[in-house]
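Taking it in order: structure first as structure tokens, then the write-up.
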Amino acid sequence: MKRLKRKDYEKLLEPQQLELVAMARWVQATNQRLVVLVEGRDTAGKGGAIDAIREHLNPRQCRVVALPKPSERETTQWYFQRYVPHLPASGEIVLFDRSWYNRAGVEKVMGFASDTQVKAFLRQAPLFEQQLVDDGILLFKYWLCCNQAQQEERFAERLKDPLKAWKLSPIDLDARRHYADYARAREVMLKATHTDYAPWTLVDFNDQKRGRLTLIRDLLHRLPDTRVPESTLDFVPLPGKPQKERHGVLKPIEAFHDWRQLSAKSSHSPDRKALARGTHICVIALQRIHARPRRTMPQPLRQRFDGVIGADRKHFNAAVGEVAGMAAQLQPLRLGLGAGAKENTLNMAADHESRCPFHFRRIHLPALNRPSDRLRLRSRRRSPSR
């Protein structure tokens, strides 16, 4: 089946999410308790499916439970004990990103549980779930399926993407050799725990976008009619003009700017205080780079030198990063430095670019518009002997 494009996926997902919002309103109005277990192989798409369900739900009502490995104390408890505190109260929805079925999957395949423990779990799980359903909990169990070729592709993507690297662990990489073992363990688990009161539902997640739509559609169709009349609120106009935010003790920090989008021809005009601050820090950083004596600095710069940089080299590195941020928003004017001093400055900054938030080789040092504001360095350079 052809893969869904993102635009088509978002168009199909929106009405489903509206139904999910209505479902959550029904759960709260009728004091229901809803539990959804999302299980599957590594990289199958469990997190993405859960995010699609909960994206527009009230986080106070809908919770995601993704427990870490059991602690030393938890390993001595009744196996289901660590999951019981996370079950929902009246009007709540709980989405389990992996659940008590870890014992029949990763713990069995990777050798974290003995055969005796796995057999005991497979015997007790249907009884535990029977108690939940008898008490009125709505229990849905989903297993997300994906082929090994697709799994390998997603592993490689996570390995290259620094935003997804946290999803990989040595156990995940070791599990690649056990694809068939996981399949056998899943079949044993399904045979023992697929019941009339708590059935399993398998969803094809080779195409994750289509898989999310399939899972949400199935969940909504298996729930009863969840339509609850919405309460209407009267949005009364304000009696006067809207007021502006006023600040007394503290003021907001400087607004974020995408420095990469600013150029010499940009119409953006930064605040004059920001220009002065950036120029001062530039001068201080250059003074530090060239080991200028403190006594040769003007009084305002001397105070700023003492307060911002001091004698700590780490503070200096942070100040250089701040210099780059301020310099990137200004027109590429010169500060009156000689070519050698400017080259030395950029080389010095380039050495620290991995610890600073900007690419220094593209930075031009700034200056204020008024000639009287331009702070120049005396281009005295010390010899290596000194």
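The values are calculated or read from the model by the stated rules, or taken from the named source; none is laboratory data. Computed from a prediction, not measured in an experiment: that's the story for all the values here. Neighbour counts run over all protein chains shown; Cβ positions are idealised from the backbone, glycine included. Side chains are part of the model used for accessible areas, which takes the heavy atoms of the whole protein and leaves out ligands, DNA and RNA. Shrake-Rupley method; radii C 1.70, N 1.55, O 1.52, S 1.80 Å.
In this entry, residue 25 is excluded by the filter for residues that are free of Cβ contacts under 8 Å to residues at least 12 places away in the same chain, more than 23 Å from residue 125 (Cβ to Cβ) and among the basic types (Lys, Arg).
Scanning region 175-190 for residues that are under 14 Å from residue 141 (Cα atoms) and either of a type in the set (A, V, I, L, M, F, W, C) or more than 33 Å from the chain's Cα centre (by Cα) (or both) gives 189, 190. Every condition in (1) within 23 Å of residue 197 (Cβ to Cβ); (2) in contact with a strand residue (DSSP E or B) (Cβ under 9 Å, 6 or more places away or on another chain) is met by residue 78 except one, and the failing one is (2). Look at (1) within 20 Å of residue 101 (Cβ to Cβ); (2) at pLDDT 95 or above; (3) open to solvent by less than 50 Å² (accessible area, probe 1.4 Å) and you find that residue 202 fails only one, number (3).
Suppose the filter is among the aliphatic types (A, V, I, L, M) and over 24 Å from residue 181 (Cβ atoms); does residue 127 pass it? In short, yes.
Checking each residue in region 46-97 for being among the basic types (Lys, Arg) and surrounded by fewer than 17 Cβ atoms within 10 Å (Cβ to Cβ) picks out 60, 63, 69, 73, 82. Contact map, region 77-91: residues that are under 17 Å from residue 36 (Cβ atoms) paired with residues that are assigned to a loop (DSSP other than H, G, I, E, B) and open to solvent by less than 10 Å² (accessible area, probe 1.4 Å), Cβ distance under 8 Å, separation 6+ or inter-chain. Pairs shown: 83/99. The residue that is nearest to residue 131 (Cα to Cα), among those in region 184-198 that are open to solvent by 20 Å² or more (accessible area, probe 1.4 Å) and not in a loop (DSSP other than H, G, I, E, B), is 192. The requirement of being polar (S, T, N, Q), closer than 28 Å to residue 204 by Cβ and part of a helix (DSSP H, G or I) is satisfied by residue 150. Every condition in (1) open to solvent by 70 Å² or more (accessible area, probe 1.4 Å); (2) assigned to a helix (DSSP H, G or I) holds for residue 3 except the one numbered (2). Inspect region 35-45 for any residue being in contact with a Pro (Cβ under 9 Å, 6 or more places away or on another chain) and crowded, with 16+ Cβ neighbours inside 10 Å and give the result as yes or no. Yes: region 35-45 contains one or more residues that are in contact with a Pro (Cβ under 9 Å, 6 or more places away or on another chain) and crowded, with 16+ Cβ neighbours inside 10 Å. Taken residue by residue, region 225-235 has no member that is open to solvent by less than 50 Å² (accessible area, probe 1.4 Å), at pLDDT 90 or above and either touching a helix residue (DSSP H, G or I) at 6+ places or on another chain (Cβ under 9 Å) or assigned to a loop (DSSP other than H, G, I, E, B) (or both).
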